[in-house]
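Quick notes on the structure that follows.
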Amino acid sequence: MSGGRSRVERWERTSEVPLLLLAVAFLVAYAWPILDPGLDHDLGDVLGVASWTIWVAFAFDFLIRLWLAEDTAHYAVRHWYDVVLIAAPVFRPLRLLRLLAFARILNRSAVGNLAGRVSVYVAGVAVAATGLGALAVLDAERDAPGATITTSGDALWWALTTVTTVGYGDFYPVTTTGRLVAAALMIVGIGVVGSVTAVVAAWLVESVNGSSRRDRND
């Protein structure tokens, strides 16, 4: 079992940066038509082909990981979210969560203590969730009857107020897809707020302990 995991881990480490670059390309291909409704039809087709090509690359990566895993079924169950994101087109925007690999790279190279590592992940999740939520809800809501979220500015403001759990209520989704995006963003927001509280508490405890040690040494 450990040998299977080590092969998978070696592949994940090797493919991390290429997949990260593909995720950035996917972000461009996904976001451009949403942010520019008047996009040239031919360019839109090119972006659509690029999006599906990147989806194939993500699917190929997952199949390789399944092949490298010693217990394929167990690995697939543990990584059920990869199965869902690849199999269900409706969750296509969530593939941008691969951009959180930025946080893993920063975690390995620049952050030492637990509070710092959590801060990196929390910041990455908050930024990714806000941007992704804004794009996804604008894509779902813009042309819906009675929609209140019709511009990129509206969508970004709505995503910020939702992920921070403020929720002014001045903008809200009216479509089923938009409400699903909102529900996911609310859950992420609760987690982000809880994590920020925990990081601040850990930092305060560490600061107090450090001050106490210095006082004893003096």
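What ranking do 158-166, 16-24 get when scored by the average of other Cβ atoms within 10 Å per residue, highest first?
Peptide ranking by packing, descending: 158-166, 16-24.
Could you sort the peptides 67-79, 131-143 by per-residue average Cβ neighbour count (10 Å cutoff), highest mean leading?
Packing proxy ranking, top to bottom: 131-143, 67-79.
Between beta-carbons, use under 13 Å as the cut-off and find the net charge around Leu35, counting Lys and Arg +1, Asp and Glu -1.
So the environment of Leu35 carries a net charge of -2.
What is the calculated FRET efficiency for Val56 to Trp80, with r their C-beta to C-beta distance and R₀ = 25 Å, to the nearest 0.05?
0.75
Can you give the local net charge around Ile149? Use residues other than it whose beta-carbon is closer than 13 angstrom to its beta-carbon, Lys and Arg +1, Asp and Glu -1.
Every neighbour counted, the sum reads -3.
Each residue of the stretch 37-49 in turn: what ³J(HN,Hα) in whole Hz from Karplus with 6.51, -1.76, 1.60 and θ = phi - 60°, glycine and Pro shown as x?
x, x, 4, 4, 4, 5, 5, x, 5, 4, 5, x, 4
Just so you know, all these numbers are worked out from the coordinates, no wet-lab data involved. The shown structure was predicted, so the numbers you read here are calculated from the model rather than taken from an experiment. All Cβ positions, even for glycine, are placed from backbone atoms using ideal geometry, and neighbour counts span all protein chains on display.
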